[in-house]
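A short write-up of the structure that comes next.
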Amino acid sequence: MGILSCRKIKVRFGRLSPPVSPALHGYFFSVSPKYLAFPVKKHIMAALCRSAGFGACRLHTSCRASAKQHYKMLVLGGGSGGIAMGARMKMMLGADKVAVVEPSEMHYYQPLWTLAGAGAKTIASSGRTTSSVMPSGVKWVKSKVQEINPDTNTVRTDDGTEISYEYLIVALGLQLHFEKIKGLPEGFDHPKIGSNYSVETVEKTWAALQNFKEGNAVFSFPNTPVKCPGAPQKIMYLSDAFLRKTGKRARANIIYNTSLPVLFAVKKYADALWDVVKERDIKVNLRQNLIEVRADKQEAVFENLDKPGETTVFQYDMLHVTPPMGPNSVVKGSPLADEAGWLDVDKENLQHKKYPNVFGIGDCTNLPTPKTAAGVAAQSAVLHRNIEKILKNENPDKKYDGYTSCPLVTSYNTVVLAEFDYNLQPLETFPINQAKERRLMYYMKADVMPHLYWLGLLKGLWGGPEPYRKLLHLGMK
Ligand code: FAD
Ligand code: UQ1
């Protein structure tokens, strides 16, 4: 243990075994008020942290918390659900009780990628640094979780650190599997192909759309659960609108090949979308699953899921791929997984079915509702309330109804705002028919939702529209 003296500021440092965080290179670092001869401004301390190489460190949280390997509340994953729950748990428990394990330097608002792929927003505007969205008072453990051991209440990170917890919230998202399609991901090195599902390939969608000359524009939907199941067709409607705007639509066949037996799971919105595809002369082929991309020849191979072995080759001038998706591999490899590998939680209270001190939120779970950020918002409010109860030794009483939402962008200025529950019944916020294409809803998707996300959901202040729905429907059936 040594004391580093910097004029009047003395900083203690020492070596911990095992190291607590890769950001600290094996050292813990603490500034005790007793060593401060005068009140030090936060920015001076932050500069000190930085000069010591602790770039991501925010003084009042990360530095001090880094020495700890135990948290009352440990959150795995710093995406939509992880940051929202980090903020809510900090509100509930106070500073230094909560940590979020997240390896990525950047946090993305993924719903904007639909618009970025069609040139209506930039990819840069969808991202902020993880350090800027990490709630203050919450420790950011900048590592990858490698193993979850709920029998010992510990997780292990990729640098070998073991972190123990009292309560665990799993928010690890899902995994994309481009590699399950023959010819991908290397096919993305060729032009004419893109995907709004990954930050690296969104701009390729926009390039393919701009470079479209004539022929088939093909859009796929895989044979797995996906996040935001509306997104694979949103980019198709935007592409249709772009080709009309640029006078190329007459030379284009727009083709939507989906593995599903329906265009959308909720009949009310499916009916509206069938009207849109008919009106725009879009060809929809159901039960068609993309299995191979021959990017050098601009060919996409689809299998007919109802006739095993039957395949069709589509020549394309633009191809948008929605990749197969699956459970997070760390969840899948842990005792927390169900048979398919998803986090096995109670669909009403979001508590793990076997480990009562473990909870789940978002895309990593087996909640039987489409995986969306809107769903995450509603789940965050339920989880907040239920964890509060459990900490008081009371029964978790708030029930998640499966609320999820999908703003189905049908052009550069219209949206059908689908909102529904576990029973696939519409659960609409506004007392108007949301199955109608509306400009107001486009404005909400493009300009209001991002603020609601960054300033509401991620700050733990937005738990979905339920209270507003009730208010707006007052006096109505
Ligand atoms: P994520 O936000 O994906 O976060 C998971 C986090 O876990 C990530 O930060 C990841 O780095 C981290 N992680 C993974 N593995 C590890 C590990 N081993 N250790 C530590 N951390 C790890 N939703 C809507 O509501 N409306 C929309 O219009 C909409 N449109 C979309 C359009 C597109 C193109 C896409 C891709 C998504 C869209 N979504 C939409 C879905 C929405 O973005 C997700 O459902 C939401 O982000 C899920 O939040 P999550 O926290 O579960 O997962
Ligand atoms: C929502 O709450 C949400 O999470 C922040 C989204 O994700 C971006 C959405 O797309 C939607 C539609 C909602 C629901 C909000 C309202 C006001 C209907």
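The values are calculated or read from the model by the stated rules, or taken from the named source; none is laboratory data. No experiment lies behind these values; they were computed from the predicted model shown. Reconstructed Cβ throughout: ideal geometry from the backbone, glycine too, with neighbour counts over all protein chains shown. Side chains included, ligands, DNA and RNA excluded: accessible areas come from the protein's heavy atoms. Shrake-Rupley method; radii C 1.70, N 1.55, O 1.52, S 1.80 Å.
Label separation (Glu466 vs Asp271): 2.8 nm, computed from points 7 Å beyond Cα along the C-beta direction. For region 178-323, the relative contact order works out to 33 percent when only alpha carbon pairs closer than 8 Å and six or more residues apart are counted. Tell me whether region 178-323 comes out rounded, prolate or oblate; compute the Cα gyration tensor, take square roots of the eigenvalues as a ≥ b ≥ c, and use a/c under 1.5 as the rounded threshold. Judged from the Cα gyration tensor, region 178-323 comes out rounded (a/c under 1.5). Taking every DSSP helix (H) stretch of at least 4 residues in the chain, weighting each as -39,500 (n - 2.57) and dividing the sum by the residue count yields a mean residue ellipticity at 222 nm of -6500 deg cm²/dmol. Derived scalar couplings between HN and Hα for region 402-411 equal x, 3, 8, 8, 9, x, 7, 6, 10, 5 Hz in order, rounded to whole Hz, by the Karplus curve 6.51 cos²θ - 1.76 cosθ + 1.60 (θ = phi - 60°), x for Gly and Pro.
Inter-part distance, region 414-465 to region 70-103, computed on C-alpha centroids, equals 26 Å. Expressed to the nearest 5 percent, the antiparallel share of DSSP beta bridges inside the chain is 55 percent.
Under 5 Å from the amide H of Met106 lie the amide H atoms of Thr130, each residue being 5 or more positions distant or on a separate chain, with H modelled from the backbone and absent for Pro and chain starts.
Solvent-accessible area assigned to carbon and sulfur over the chain amounts to 53 percent, based on a 1.4 Å probe. Between Glu339 and Asp281, the simple label model (points 7 Å from Cα in the Cβ direction) yields a spacing of 4.8 nm. Under 15 Å from the Cβ of Glu310, count the other residues' Cβ atoms, weight Lys and Arg +1, Asp and Glu -1, and hand me the total. Net charge in that neighbourhood comes out at -1. In order along region 252-258, the Karplus-derived 3J(HN,Hα) couplings, from 6.51 cos²θ - 1.76 cosθ + 1.60 at θ = phi - 60°, round to 10, 9, 9, 10, 10, 9, 10 Hz, and Gly and Pro are given as x.
Computed over protein heavy atoms with a 1.4 Å probe, the accessible surface of region 254-360 works out to 43 Å² per residue.
Helix screen, the chain: DSSP H segments with Cα axial length of 15 Å or more and mean Kyte-Doolittle hydropathy at least 0.5 are 80-93, 373-391.
Working from Cα pairs under 8 Å separated by at least six residues, relative contact order for region 113-198 is 19 percent. Normalising the average separation of contacting C-alpha pairs (under 8 angstrom, six or more residues apart) by the number of residues puts the relative contact order of the chain at 14 percent. In this calculation the C-beta distance from Glu299 to Lys354 is compared with R0 = 60 Å, giving a FRET efficiency of 0.80. Charge tally around Val277: other residues with Cβ under 12 Å, Lys/Arg +1 each, Asp/Glu -1 each, net -2.
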